[in-house]
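One structure is given below, encoded as structure tokens.
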Amino acid sequence: MALSREQVAMRVAQELQDGYYVNLGIGIPTLVANYVPDGIEVMLQSENGLLGMGPYPTKAELDADMINAGKETVTAATGAAIFNSADSFAMIRGGHVDLTVLGAFEVDQNGNIASWMIPKKLIKGMGGAMDLVAGAKNIIVTMTHASKHGDSKLLESCSLPLTGVNCVKKIVTDLAVLEVKDGAFHLLERAPGVSVDEIISKTAGKLLVDGEIPEMVF
């Protein structure tokens with residue numbers, strides 16, 4: 001059975017390490033803030049100028065002026081800092097973000113990512129994605145494995161305009177966890193109840209399956 005958005009975020013949260021500075025993109029990545037493992041401390045960055053982003057607020061905690069890059073209300077963790085977007089992007093471009101988690105329309109077997117536009121569709125702009133994929137030390141993509149029409153989003157070569165080249169290291173989809181290296185997708189884990197054959201059938205790019213593939217554990 002395919003993972004929910006929340007389960008994808010829970011699995012990504014397992015990739016966090018103590019002391020990390022992490023940028024969370026719009027959509028599923030923002031949910032990761034709710035699932036930071038106990039016993040570690042990470043500083044979540046939002047490119048509009050917040051370092052130390054906490055979970056989504058309860059009704060009592062709601063502050064309409066405290067928002068993330070997706071204009072959603074958030075909380076500030078203990079020790080948080082607020083600054084302008086120029087300083088925020090200096091942090092990103094300076095290579096001070098350990099991990100960025102973002103969504104994508106397509107990823108290919110060489111680690112290229114297309115995430116910012118679909119031709120002939122209205123867009124607001126590329127946002128900070130191009131800076132993030134160029135400046136972050138590690139990149140994890142969250143996405144559905146296939147479109148609602150059943151077309152794979154894990155391709156031999158991206159068909160949409162690229163956001164970044166040879167930059168994606170790992171992908172967490174609603175079906176699987178995959179590593180991108182040596183010009184191929186490497187299957188690491190599968191969603192509970194999802195077969196390897198289903199993942200193979202929905203992956204258009206080169207996919208390597210080595211031995212028994214364990215199910216994700218939450």
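The values are calculated or read from the model by the stated rules, or taken from the named source; none is laboratory data. Predicted, not measured: the structure shown is a model, and the values here were computed from it. Backbone-built Cβ (ideal geometry, glycine too); neighbour counts: all protein chains shown. Side chains are part of the model used for accessible areas, which takes the heavy atoms of the whole protein and leaves out ligands, DNA and RNA. Shrake-Rupley method; radii C 1.70, N 1.55, O 1.52, S 1.80 Å.
When a/c reaches 1.5 or more, the comparison of a/b and b/c decides; with that in mind, is segment 2-54 rounded, prolate or oblate per its Cα gyration tensor?
Numbers: a/c = 2.49, a/b = 1.25, b/c = 1.99.
Oblate is the answer for segment 2-54, as a/c is 1.5 or above yet b/c matches or exceeds a/b.
Carbon and sulfur together cover what percent of the accessible area of the chain at a 1.4 Å probe radius? All intermediate terms of the calculation are to be shown ahead of the outcome.
Values: 5660 of 10900 Å².
That fraction is 52 percent.
Explain nothing, just the number: dipole magnitude of the chain about its Cα centre with +1 on each Lys and Arg Cβ and -1 on each Asp and Glu Cβ, in debye rounded to the nearest 20.
Values: 17 positive and 26 negative charges, 145 e Å.
Here the chain has a charge dipole of around 700 debye.
Quick check for me: using +1 on Lys/Arg Cβ and -1 on Asp/Glu Cβ, what's the dipole size of segment 34-94 about its Cα centre, in debye to the nearest 20? Working shown, then result.
On the way: 3 positive and 8 negative charges, 28 e Å.
Result for segment 34-94 is approximately 140 debye, rounded to the nearest 20.
How many percent of DSSP beta bridges within the chain run antiparallel, rounded to 5? Don't skip to the answer; put the middle values down first.
Details: 19 of 38 bridges.
Of those bridges, close to 50 percent are antiparallel.
Would you mind pulling out the separation of the Cα centroids of segment 192-218 and segment 48-116, in Å?
30 Å
Hey, what's segment 46-191 come to in accessible area per residue, 1.4 Å probe, Å²?
Numbers: 7060 Å² over 146 residues.
On a per-residue basis, segment 46-191 sits at 48 Å².
Which lysines have a Cα less than 20 Å from the Cα of Lys71, not counting those fewer than 8 places away in the same chain?
Lys59, Lys124
Could you run the Debye sum over the Cα atoms of segment 70-167, one equal point scatterer each and no solvent, and tell me log10 of I(q)/I(0) at q = 0.13, 0.18, 0.21 Å⁻¹, two decimals?
Values returned for q = 0.13, 0.18, 0.21 Å⁻¹ are -0.54, -0.94, -1.16.
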